[in-house]
Amino acid sequence: MRRVTGFLALATATALLAAGCGSGTSASGSGDTGAPVNGGILRAGIPGNPDHLDPALSYTNEGWEILEATNNGLLTFKKASGGAGATVVPDIASAMPTVTDGGKTYTFHVRPGVMFSAPVSREVKPSDFKFSIERLFRVDSGGVGFYTGIVGADSYAKTRKGGISGIVANDEAMTITFHLTQPDGTFNDYIATPFAFALPKGTPDKDISTIPQWRVATGPYRITSYVPHQSITIRRNPTFKSWTPDTPNGHLDGIDVQIGVTPEQSVNEIADGQLDWYFESVPPDRLTQLKAQYPKQVYPFVRNNITYFFMNERKYPFNKLDVRKAVNYAIDRNALVKIYGGQGTPTENIIPPGLGTAYKKHNLYPYNLAKAKQLIQQAGVAGAAVTVWGHNTDPTPSAVQYLAGVLNQIGLKATVKTFDESVYWDTIATQKGDPQIGFTDWNQDYPEGQDFIDVALNGEHIVNVGNNDLTNTNIPAYNKMIDQAKRMPLGDARNAIWAKLDYLYMKNDAAWAPFMNRQWPKYVSPRLHGLVFNGNYFELFPSMYLTQ
Amino acid sequence: MIDSPPVAAGGFRTALRRLRRNPAAIVSAIVLLTIVFACFPGAPLWVSHACNHGPSDQNIQGTITENGHKVPVVRNDGTPIGPGLRACYLLGADSNGRDLFVRILYGGRISLEVGFISAIVCVTVALVLGILSAYAGGMTDSAISRLLDLIWSFPVYLLAVALATTLAVGGLAVGPLHVSSSSLAIPIVVIAVVFVPYVARPIRGQVLSLRRMEFVEAAVATGAGPLRIMLAELLPNVASITLVMLTLIVANNILTEAALSFLGVGVPVLTPSWGNIIEQGYASIVTAPALTVAPGVAIMLTVVSLNVLGDALRDALDPHARIRIR
């Protein structure tokens, strides 16, 4: 899922995080020595609006970080750093689901007494979950692909009438049952993503980010105000009572998010004591200085991330395989890592190395400008006009300019189109936007190779709005392999298929030009502690506390 | 605003003599000519003789030899090489490994071109509107004046950003004429349009006073038509004020181009201009200040020299006039 700017902890990065942050599994903060302190308002900064504050629509790290603190689903990823954070545990469900029918039926018991905040102010019911998942299809959510395996979901996606027959909610018995068309080893992960968070029945079928009466919380915090381009105010949810250690009360009294803070400005404001925490990573050029000057306030944060350029197979000249291969040969991945201040590892794989045996390094496209030029000539597209899309948060503009420069070098005629980051991700995910080539990245929704291959490359999931298959790749033979892998239990055999698909997509399709597994170093104020870098929800607000 | 009649058309030789006696004018002219020379013939000469890379050549992985040591153009932590006494990367490099000095030379070409061409377009349109409005009077005057009022009522940069953003999406299409959104013509037209009222208004005021003068009445009495009067009688008499305004508006337009490019709606991103270079270096202002300071100094020197030259020209052509843009 999400493209860029937020954070993800790598399952395999526990040791790294432990070295940098203290404990690898729970609260691990800056100079964190004593017991957590309650109270205080966290002063946070963000460069632009988060994409959405609607669980059905948000698909960025920034949005998920906020929604994790305000809303809940049946299941959740354990609120911990590193490998422990990849474990799915019960949240509003009272226990893990009962799985029957050969892995095709999941039955959850909903915990009584969990309340929606005002103005709804009532208990969360199983039918609210059914409503929330059906709503995903009605609002063109980017997360619908996770739930199309539910019986009746495909037809509901077309008609949007009559509900999804495979979801049976019983408010009397407080149970909800999901019937799947085929077994799916990662269904619990889907249920733990914010897309499946509970919203009250009656929530309108439109973005509720700026509709306060529908921005209803179940978690320890609620969004009390959101003024786009200015601020987000988050305060304690008075109706919340913690029900498990994985839904903690939180230590902060609230969070004031100032919108419009540039990465450079964030460093200055944190150093001046005006800001505690920033949604983005440290500007690459400041990292060396900050590490030397404030070693206890800089944290490494490795995620399951792949940063890449996408090429739209439906658009000339990228509808030609030779052109896509040429781009892969033409980019110098080591040079691109330098643009990111060295905060990453060059790669040409789709799957990040943190996903165990699903990652098998290949070396299909060593840097070779002459070969790239030859492929462009061979494809007969020399001089073709190409517009490279990117957003405006540094250092992405430099990476986009690098690519445009390289495309000009190999014989294309490139220009650059820059968008504000707050609208960029939605824009590239619509067919109407119709980009030829552009920058993007993908961080895990859940720790499995499927999240990279199936979600971002399976042509069966191509939609007009909220499309995650930015390249419009659709290879039926590979789609079948994906479907086959999804039916398999989690483990090495399944991972081997993801690794093979990674190789096949890059060798025979090359619609991605992956270049880096990015790291996200963070710089925080000296009074901020309790940082937990979770692999799926990123940095967890409820774990943070202030000491001054 | 103008509060005294300008010099006669034949007074340019006197004006030139006055100009030569003004040391500030001489210095500013030398600075301006140096910049123009450095940017136009100088840029390709520098590239072909001093270093072999153009303004858009990216050399992130490259090295240069300094004091017998190989130094990376961009370090592994992304920090580009800084200024130094060397032919290549004299002012250092940016994060994409592009030579800052070469980019400033080539960027100067674009900034000066946009500044001068947009100023010429602006002043030409303003001359036509100003003279026509004042001479024709009546409905024509009202229509033109209201149009100018309309443009004038918008804050300059707000209007420029709005126009530039709109045109950046689909380009400019007028009948069969289509200008691509990545064309330099877009910022030129935008900048020219927003400043037309600031030039047309004083010209209109000047013509209003001139049209009642005896030499115009004499021309009418000899049977001269409106077009001839406007071209042969009025135009030469507003030439001096126009020339002064041209120098001032060029400086203004260079600043506007820099501002629009800094905001991302001016010159296309891949084309170096002083504004673009500042915008692209701004993120590294702490660790690589040369990326913003050097093009900033280039803009400052150009604008100051144009303003000083404009003031000197005004003093030389019409010592009693007070002309100011904005």
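Taking K and R as +1 and D and E as -1, what net charge do the other residues with C-beta under 12 Å from the C-beta of B:LEU210 add up to? Every neighbour counted, the sum reads 0.
Evaluating 6.51 cos²θ - 1.76 cosθ + 1.60 at θ = phi - 60° for every residue in the stretch A:253-262, the Karplus couplings come out as 7, x, 9, 9, 9, 8, 8, x, 8, 6 Hz, glycine and proline recorded as x. As a proxy for reagent exposure, ranking B:SER183, A:SER141 by other Cβ atoms within 10 Å from fewest up yields B:SER183, A:SER141. Computed from Cα positions, the angle between helix B:138-153 and the longest principal axis of chain B comes to roughly 30 degrees.
Evaluating 6.51 cos²θ - 1.76 cosθ + 1.60 at θ = phi - 60° for every residue in the stretch A:510-522, the Karplus couplings come out as 6, 6, 9, 10, x, 9, 7, 8, 7, 10, 10, x, 10 Hz, glycine and proline recorded as x. Highest mean first, the peptides A:397-409, B:208-220, A:372-384 sorted by other C-beta atoms within 10 Å per residue fall in the order A:397-409, A:372-384, B:208-220. Need one word for the stretch B:173-326: rounded, prolate or oblate. Basis is the Cα gyration tensor (sqrt eigenvalues a ≥ b ≥ c); a/c below 1.5 gives rounded, then a/b vs b/c decides. Taking the square roots of the gyration eigenvalues as a ≥ b ≥ c, the stretch B:173-326 is oblate. Charge dipole (Cα centre; +1 on Lys/Arg Cβ, -1 on Asp/Glu Cβ; no other charges) of the stretch B:91-188 amounts to roughly 120 debye. Once the Cα atoms are used to define both axes, helix B:23-39 deviates from the longest principal axis of chain B by about 50 degrees.
Considering only B:ALA119, B:ALA173, A:GLY82, and ranking their Cα positions along the charge dipole of the protein assembly as shown that arises from unit charges at the beta-carbon of Lys, Arg, Asp and Glu, the one farthest toward the positive end is B:ALA119. Summing +1 for each Lys or Arg and -1 for each Asp or Glu among the other residues whose beta-carbon sits under 14 angstrom from that of A:THR210 gives -1. The mean number of Cβ atoms from other chains found within 10 Å of a Cβ in peptide A:75-85 is 0, as a whole number. Dipole magnitude for chain A: computed about the Cα centre from +1 point charges on Lys and Arg Cβ and -1 point charges on Asp and Glu Cβ, it is near 720 debye. Between the helical axis of B:100-136 and the longest alpha-carbon principal axis of chain B there is an angle of about 10 degrees.
Relative contact order, whole percent, for the stretch B:155-201 stands at 36, derived from Cα pairs under 8 Å and 6 or more residues apart.
For the stretch A:305-518, a/c is less than 1.5, where a ≥ b ≥ c are the root eigenvalues of the C-alpha gyration tensor. That puts it in the rounded class. Remark: B:TYR157, A:TYR446 ranked as B:TYR157, A:TYR446, counting other beta-carbon atoms within 10 Å and listing the fewest first. By the gyration tensor of its Cα atoms, with a ≥ b ≥ c the square roots of the eigenvalues, what is the shape of the stretch A:148-258: rounded for a/c under 1.5, prolate for a/b over b/c, or oblate? Prolate, since a/c reaches 1.5 and a/b exceeds b/c. Counting only DSSP beta bridges with both residues in the protein assembly as shown, the antiparallel share comes to about 75 percent.
Ordering A:TYR424, A:TYR503, A:TYR359 by the number of other Cβ atoms within 10 Å of each residue's own Cβ, fewest first, gives A:TYR503, A:TYR359, A:TYR424. Rounded to whole numbers, the Karplus 3J(HN,Hα) couplings from phi for the stretch A:202-212 are x, 4, x, 7, 8, 4, 9, 3, 10, 10, x Hz, using 6.51 cos²θ - 1.76 cosθ + 1.60 with θ = phi - 60°, and x at Gly and Pro.
Amide H contacts under 5 Å for A:TYR545: A:HIS529, A:GLY530, restricted to partners 5 or more places along the chain or on a different chain, H placed in the peptide plane at 1.01 Å from N.
Mind checking which of A:ASN392, A:ILE350, A:LEU364 is farthest towards the positive end of the stretch A:305-518's charge dipole, using Cβ charges of +1 (Lys, Arg) and -1 (Asp, Glu) about the Cα centre? So the residue we want is A:LEU364.
In chain A, helical runs assigned H by DSSP with n ≥ 4 each contribute -39500 (n - 2.57); averaged across all residues and rounded to the nearest 500, the mean residue ellipticity at 222 nm is -8000 deg cm²/dmol.
Taking amide H as placed 1.01 Å from N in the peptide plane, the amide H of A:LEU53 sits under 5 Å from that of A:SER209, each at least 5 places away or on another chain. Peptide A:395-403 has a mean of 4 when you count, residue by residue, the C-beta atoms of other protein chains within 10 Å of its C-beta.
Between the residues A:PHE318, A:VAL463, A:ALA496, the greatest Cα displacement towards the positive end of the dipole of the stretch A:305-518, with unit charges on the Cβ of Lys, Arg, Asp and Glu, is found for A:PHE318. Beyond 32 Å in Cα-Cα separation lie the following of the pairs A:LYS315/A:LYS500; A:LYS104/A:LYS500; A:LYS206/A:LYS361; A:LYS104/A:LYS125; A:LYS78/A:LYS486; A:LYS417/B:LYS70: A:LYS206/A:LYS361; A:LYS417/B:LYS70. Ranked by the mean number of other Cβ atoms within 10 Å per residue, highest first, peptides B:245-254, A:473-482, B:52-61 order as B:245-254, B:52-61, A:473-482.
Between A:ASP420 and B:VAL36, the FRET efficiency estimated from the beta carbon spacing at R0 = 41 angstrom works out to 0.65. Calculated over the protein assembly as shown, the projected area of the Cα convex hull averaged across directions stands at 42.2 nm².
Only Lys, Arg, Asp and Glu carry charge here, each on its Cβ (+1 for the first two, -1 for the last two); on that basis the stretch B:9-317 has a dipole of about 620 debye about its Cα centre. Charged neighbours of A:ASN304, selected by a Cβ distance under 10 Å, balance to -2 (K, R count +1; D, E count -1).
FYI, it's all coordinate maths here, none of it is from the lab. Note that the coordinates shown come from a computational prediction; the quantities given were computed from them, not determined experimentally. Neighbour counts run over all protein chains shown; Cβ positions are idealised from the backbone, glycine included.
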